[in-house]
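Asker: Below: one structure in structure tokens.
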Amino acid sequence: MCGRFVSARKRAELLEEFAVQRDAVAADREPDYNVAPTKRIYTVLDRQDERELRLVRWGLVPTWAKDTKGGARLINARAETVAVKPAFRAAFARRRCLIPADGYYEWQTENAGSKAKQPFYIYRTDGGILAFAGIYELWKNPEVPEDHEDAWYWSASIITTDATDEIGRIHDRTPMVIAPADWTEWLDPANREKEHLLKTMHPAMTSGEGGLTARPVSTTVNSVRNNGPELIKPLAG
């Protein structure tokens, strides 16, 4: 799974990197080196045939949910079932997005039978940005009018798959990513070719252009209260 990631790029960088046509983010946000579930995250999506940058909550809330409390449990959607699982299938069919990330964290059990886990920071070797494959949803708050500022709750999930390369030694799941050449097709809400959409997703892997590397980092990342560039520094020794 992907339970924490880094989103440190400036808003202006994301607008340029993803060729965004409409900026729906009101103000610059501080770099976040410890993005946790239910936090607001940057997403790139297609709205009315324009590419848009928007902040949404991490943890998808289906349209039929009674409230937003369950979102924290739906931060990831499995690539193997995202097109058919009730919580995700409508979003996969019509509301796909890109979730920009500088890298992400995974934890590895240090010894058999031990509860101690070593965190690793996983990122692109070339320093490039990761465009996680994501889906988003809009949940209507029944307690306020439709034109109220809190009427709609925007949320998203990151799509993951099996990690079969060196990253799999740290954790058995890895985020799916979308290559720049496939961004337009992935974001197009009119694209309903399920099998083709599934083929545009690729595991974030160590091999190939834009491949990943991992380094152990301090356990201070374990607490969501800690945040700053020191979290991604290599572990001393």
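Asker: Hey, could you check the stretch 186-201 for residues that are surrounded by 15 or more Cβ atoms within 10 Å (Cβ to Cβ) and out of contact with any Asp or Glu (no Cβ under 8 Å at 6 or more places or on another chain) and say which is nearest to Gly3 (Cα to Cα)?
Answerer: Residue satisfying both the conditions and the ranking: Met201.
Asker: Scan the stretch 1-28 residue by residue and report those that are at pLDDT below 95 and over 21 Å from Pro175 (Cβ atoms).
Answerer: Ala26, Ala27, Asp28
Asker: Please enumerate the residues belonging to the stretch 164-179 that are exposed (fewer than 14 other Cβ atoms within 10 Å of the Cβ) and either farther than 23 Å from Thr81 by Cβ or in contact (Cβ under 8 Å) with a residue 60 or more places away in the chain (or both).
Answerer: Arg169
Asker: So which residues in the stretch 146-200 are under 23 Å from Glu110 (Cβ atoms), assigned to a loop (DSSP other than H, G, I, E, B) and not small (Gly, Ala, Ser), if there are any at all?
Answerer: If the condition is that a residue be under 23 Å from Glu110 (Cβ atoms), assigned to a loop (DSSP other than H, G, I, E, B) and not small (Gly, Ala, Ser), then Thr164, Asp165, Ile170, His171, Asp172 are the ones that fit.
Asker: Please identify the pairs in which a residue from the stretch 8-30 that is touching a residue at least 12 places away in the same chain (Cβ under 8 Å) has its Cβ atom under 7 Å from the Cβ atom of a residue that is surrounded by 13 or more Cβ atoms within 10 Å (Cβ to Cβ) and of a type in the set (Asp, Glu), counting only partners at least 6 apart or on another chain.
Answerer: Partner pairs satisfying both residue conditions: Ala8/Asp32; Ala8/Asp102; Arg9/Asp102; Leu15/Asp23; Val20/Glu52; Arg22/Glu52; Ala24/Glu52.
Asker: So the check is Cβ under 7 Å with 6+ separation or different chains; which pairs have a first residue in the stretch 64-82 that's part of a strand (DSSP E or B) and a second one that's surrounded by 16 or more Cβ atoms within 10 Å (Cβ to Cβ) and not aliphatic (A, V, I, L, M)?
Answerer: Within 7 Å, the pairs are Asn76/Cys2; Asn76/Ser157; Asn76/Thr160; Ala77/Phe88; Ala77/Ser157; Arg78/Thr160.
Asker: Go through the stretch 121-165 and report how many residues are in contact with a Gly (Cβ under 6 Å, 6 or more places away or on another chain) and of a type in the set (A, V, I, L, M, F, W, C).
Answerer: Selection size over the stretch 121-165: 3.
Asker: Here's a follow-up. Mind counting the residues in the stretch 83-111 that are of a type in the set (A, V, I, L, M, F, W, C) and without any contact (Cβ under 8 Å) to a residue 40 or more places away in the chain?
Answerer: Looking only at that region, the number is 2.
Asker: Here's a follow-up. Could you go through the stretch 76-84 and let me know if any residue there is under 15 Å from Trp58 (Cβ atoms), of a type in the set (A, V, I, L, M) and in contact with a Pro (Cβ under 8 Å, 6 or more places away or on another chain).
Answerer: No, there is no match, as no residue in the stretch 76-84 is under 15 Å from Trp58 (Cβ atoms), of a type in the set (A, V, I, L, M) and in contact with a Pro (Cβ under 8 Å, 6 or more places away or on another chain).
Asker: Moving to a separate point now. Restricted to the stretch 131-157, and to residues that are buried (at least 24 other Cβ atoms within 10 Å of the Cβ) and among the aliphatic types (A, V, I, L, M), which residue is farthest from Glu185 (Cα to Cα)?
Answerer: This residue is Ala156.
Asker: Looking only at residues that are of a type in the set (Lys, Arg) and not in a strand (DSSP E or B) in the stretch 83-109, which one is nearest to Glu17 (Cα to Cα)?
Answerer: Ranking the qualifying residues of the stretch 83-109, first place goes to Arg95.
Asker: Give all pairs with beta carbons closer than 6 Å in which a residue from the stretch 144-158 that is β-branched (Val, Ile, Thr) meets a residue that is surrounded by 12 or more Cβ atoms within 10 Å (Cβ to Cβ) and outside any strand (DSSP E or B); count only pairs at least 6 apart in sequence or on separate chains.
Answerer: Listed pairs, sorted by first residue: Val144/Ala151; Ile158/Cys2.
Asker: Inside the stretch 73-106, can you point out the residues that are closer than 26 Å to Tyr33 by Cα and either loosely packed, with under 14 Cβ neighbours inside 10 Å or at pLDDT below 95 (or both)?
Answerer: Arg73
Asker: Could you go through the stretch 206-214 and let me know if any residue there is over 30 Å from Asp49 (Cα atoms), touching a helix residue (DSSP H, G or I) at 6+ places or on another chain (Cβ under 6 Å) and outside any strand (DSSP E or B).
Answerer: So far as the stretch 206-214 goes, yes, one or more of its residues are over 30 Å from Asp49 (Cα atoms), touching a helix residue (DSSP H, G or I) at 6+ places or on another chain (Cβ under 6 Å) and outside any strand (DSSP E or B).
The values are calculated or read from the model by the stated rules, or taken from the named source; none is laboratory data. All values reported here derive from a predicted model rather than from experimental measurement. FYI the Cβ positions are ideal-geometry reconstructions off the backbone, even for glycines, and counts take in every protein chain you see.
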